[in-house]
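> Take this structure first; my questions come after.
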Amino acid sequence: MGVEIQPKINDENGDAAAAAPVIVGLQPAALVDHVARVDWSLLSRIPGEAGGSFPVAPEELKFILNEIDTHIIASPETTSPLKTIAGGSVANTIRGLAAGFGVTCGIIGACAKDDQGSLFMDNMSSYKVDISRLRLKNGHTGQCVCLVDELANRTMRPCLSSAVKVQADDLTTSDFKGCKWLVLRYAIFNIEVIQTAIRIAKQEGLCISLDLASFEMVRKFRLPLLQLLESGSIDLCFANEDEAAELVRGEVGADPESALEFLANHCRWAVVTLGQKGCIAKHGKEVVRVPAIGESKAVDATGAGDLFASGFLYGLVKGLSLEECCKIGSCSGGSVIRSLGGEVTPENWQWMYKQMQTKGLTVPEPDNFFF
């Protein structure tokens, strides 16, 4: 076992004092996920399209949470109909890197002095994520309801309108100094803090990883995303098949391959995940296609892309080939869909390690594991 992290939380004007992790993630607002398996009738009654992720107002979140009990599907994976854990795409990726791969990681963001904020901090620090870059503020911690349908597809509705979050002028060079990678998720309502983080991180020599968030976000705010990609500041970009389709919509021959080509024109590494069909990736002139892990039984797709990113980034940190990075990503993405929520269980980490061994991949050293 590694040395336990002693949580050291910044106040609003404090400076981070923790040792620099290899990878740091920016999630401006800490988020707590409420995950439940529900029938399709509930999905037809909530705002937005099924399968996506788009913000809702506090009253809409309250409505969804109140309706869950009458639409719940019994799940053998959890004793409670509603699973509450620290969430958010970046948090899932960072937690996966620290917990399952032993990579030193930290998270930049803000949480409130409330029960949800305490839950977020306790969960992340229990997996040895450095939380010294979190700002503790007065207010409310963000929440998200994650609805999983009968086919294991997830629909996410985050409520961030009243949540405390890191602002652009909160960021300092100490948040990034000494780190190697910055992990980001595209969100139009965080675009200013994202742009500031990229600027400071680049000054400190970090590489930037960007996830495209959701097909709804790409569709509604495509132009600012294109501007961000065309700036040349993104080193690695992840898109799923639906996000890729929105990215290149209207173009002749628009398909995952053309989206991959578009991303590769602006990023050093480009990855398009294809669900059960695996993934395609490009680095320089090299293009690889890797199948999904066929042995994985999907219970909940929440976090599949986030944990794919964990495995892929681990491969890059270890200096592995593009194909190996994709294979590890496929293994780690497969591990999280075997249970409810974006948090991998110890049993499913062990499943992943066995998959990696079977495929001749580099398995992390046991001394770095959290369990």
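> Only one of these conditions is not met by PHE308: (1) crowded, with 20+ Cβ neighbours inside 10 Å; (2) over 17 Å from the mean Cα position of the chain (by Cα); (3) modelled with pLDDT of 95 or more. Which number is it?
Single failed check for PHE308: (2).
> Please specify each residue of segment 214-260 satisfying the condition of being assigned to a helix (DSSP H, G or I), hydrophobic (A, V, I, L, M, F, W, C) and surrounded by fewer than 17 Cβ atoms within 10 Å (Cβ to Cβ).
Kept after step one, since they are assigned to a helix (DSSP H, G or I), are these residues of segment 214-260: 215-220, 222-230, 241-247, 256-260.
With hydrophobic (A, V, I, L, M, F, W, C) added as a condition, the list becomes 215, 217-218, 223, 225-226, 228-229, 244-245, 247, 259-260.
Those that are assigned to a helix (DSSP H, G or I), hydrophobic (A, V, I, L, M, F, W, C) and surrounded by fewer than 17 Cβ atoms within 10 Å (Cβ to Cβ): LEU223, LEU226.
> Going through segment 330-345 one residue at a time, which ones are free of Cβ contacts under 8 Å to residues at least 60 places away in the same chain and closer than 18 Å to ALA36 by Cα? Write out each step before concluding.
Step one: of segment 330-345, the residues free of Cβ contacts under 8 Å to residues at least 60 places away in the same chain are 330-331, 334, 338, 345.
Across segment 330-345, the qualifying residues are ARG338, THR345.
> Just to be sure I understand the filter: pairs with C-beta atoms under 6 Å, separated by 6 or more residues or on different chains, first member in segment 256-283 and within 14 Å of SER209 (Cα to Cα) and basic (Lys, Arg), second member outside any helix (DSSP H, G or I) and at pLDDT 95 or above. Which pairs pass?
ARG268/ASP235
> Could you check, for segment 335-355, whether at least one of its residues is surrounded by 19 or more Cβ atoms within 10 Å (Cβ to Cβ), farther than 30 Å from LEU82 by Cβ and under 21 Å from the mean Cα position of the chain (by Cα)?
No, because not a single residue in segment 335-355 is surrounded by 19 or more Cβ atoms within 10 Å (Cβ to Cβ), farther than 30 Å from LEU82 by Cβ and under 21 Å from the mean Cα position of the chain (by Cα).
> Determine whether segment 179-190 contains at least one residue that is surrounded by 20 or more Cβ atoms within 10 Å (Cβ to Cβ), among the aliphatic types (A, V, I, L, M), more than 24 Å from LEU228 (Cα to Cα) and at pLDDT below 95. Quick ask: steps written out before the conclusion?
Residues of segment 179-190 that are surrounded by 20 or more Cβ atoms within 10 Å (Cβ to Cβ), as a first pass: 179, 181-187, 190.
Those still in the list that are among the aliphatic types (A, V, I, L, M) too: 182-184, 187.
Cutting the leftovers down to more than 24 Å from LEU228 (Cα to Cα) gives us none.
No, the conditions are met nowhere in segment 179-190.
> Another question about this same structure. Could you please let me know if VAL193 is more than 16 Å from THR273 (Cβ to Cβ) and in a helix (DSSP H, G or I)? Show your work before the answer.
Working: more than 16 Å from THR273 (Cβ to Cβ): yes; in a helix (DSSP H, G or I): yes.
Taking the combined requirement at face value, the residue satisfies it.
> Going by the structure shown, is ARG95 surrounded by 23 or more Cβ atoms within 10 Å (Cβ to Cβ) and more than 23 Å from GLY311 (Cβ to Cβ)? If you could, list the steps in order and put the result at the bottom.
Working: surrounded by 23 or more Cβ atoms within 10 Å (Cβ to Cβ): yes; more than 23 Å from GLY311 (Cβ to Cβ): no.
Judged against the criteria, ARG95 is not a match.
> Just the residues that are under 17 Å from SER89 (Cβ atoms), assigned to a loop (DSSP other than H, G, I, E, B) and hydrophobic (A, V, I, L, M, F, W, C), please, taken from segment 32-62. Outline the logic, then answer.
Step one: filter segment 32-62 for residues under 17 Å from SER89 (Cβ atoms), giving 32-35, 48, 51-56.
In the following step, the residues that additionally are assigned to a loop (DSSP other than H, G, I, E, B) were identified as 48, 51-52, 54-56.
Scanning segment 32-62 gives PHE54, VAL56.
> Still on this structure: Any residue that is more than 22 Å from SER53 (Cβ to Cβ), in contact (Cβ under 8 Å) with a residue 40 or more places away in the chain and within 18 Å of the chain's Cα centre (by Cα) - is there at least one of those in segment 181-191? Show your work before the answer.
At the first step, the residues of segment 181-191 found to be more than 22 Å from SER53 (Cβ to Cβ) are 181.
Now drop any that are not in contact (Cβ under 8 Å) with a residue 40 or more places away in the chain, which leaves 181.
Next, from what is left, pick out any that are within 18 Å of the chain's Cα centre (by Cα): 181.
Scanning segment 181-191 turns up at least one residue that is more than 22 Å from SER53 (Cβ to Cβ), in contact (Cβ under 8 Å) with a residue 40 or more places away in the chain and within 18 Å of the chain's Cα centre (by Cα).
> Moving on to the next point. Quickly run through segment 145-166 and pick out the residues that are β-branched (Val, Ile, Thr) and in a loop (DSSP other than H, G, I, E, B).
Kept after step one, since they are β-branched (Val, Ile, Thr), are these residues of segment 145-166: 145, 148, 155, 164, 166.
Scanning segment 145-166 gives VAL164, VAL166.
> Going by what's in this entry, would SER162 be described as of a type in the set (Ser, Thr, Tyr), over 18 Å from the mean Cα position of the chain (by Cα) and buried (at least 22 other Cβ atoms within 10 Å of the Cβ)?
Numbers: of a type in the set (Ser, Thr, Tyr): yes; over 18 Å from the mean Cα position of the chain (by Cα): yes; buried (at least 22 other Cβ atoms within 10 Å of the Cβ): no.
Here the answer is no, as SER162 does not meet what is asked.
> For ILE208, indicate whether it is in contact with a strand residue (DSSP E or B) (Cβ under 9 Å, 6 or more places away or on another chain) and closer than 23 Å to GLY303 by Cβ.
Working: in contact with a strand residue (DSSP E or B) (Cβ under 9 Å, 6 or more places away or on another chain): yes; closer than 23 Å to GLY303 by Cβ: yes.
Yes: the conditions hold for ILE208.
> Here is a list of conditions, (1) surrounded by 16 or more Cβ atoms within 10 Å (Cβ to Cβ); (2) at pLDDT 95 or above; (3) β-branched (Val, Ile, Thr); (4) more than 19 Å from THR104 (Cα to Cα), and ILE328 meets all of them except one; can you say which number that is?
In the conditions (1) surrounded by 16 or more Cβ atoms within 10 Å (Cβ to Cβ); (2) at pLDDT 95 or above; (3) β-branched (Val, Ile, Thr); (4) more than 19 Å from THR104 (Cα to Cα), ILE328 misses (4) alone.
> Might you let me know whether segment 263-281 holds any residue that is over 30 Å from GLN355 (Cα atoms), surrounded by fewer than 16 Cβ atoms within 10 Å (Cβ to Cβ) and at pLDDT 95 or above? Quick ask: steps written out before the conclusion?
To start, the set of residues in segment 263-281 that are over 30 Å from GLN355 (Cα atoms) comprises 265-266.
Those left that are additionally surrounded by fewer than 16 Cβ atoms within 10 Å (Cβ to Cβ): 265.
Then drop every residue that is not at pLDDT 95 or above, which leaves 265.
Yes, there is a match, as at least one residue in segment 263-281 is over 30 Å from GLN355 (Cα atoms), surrounded by fewer than 16 Cβ atoms within 10 Å (Cβ to Cβ) and at pLDDT 95 or above.
The values are calculated or read from the model by the stated rules, or taken from the named source; none is laboratory data. Since this is a predicted model, take the numbers as computed values, not measurements. Methodologically, a virtual Cβ is constructed for each residue, glycine included, from the backbone with ideal geometry; neighbour enumeration extends over all protein chains shown.
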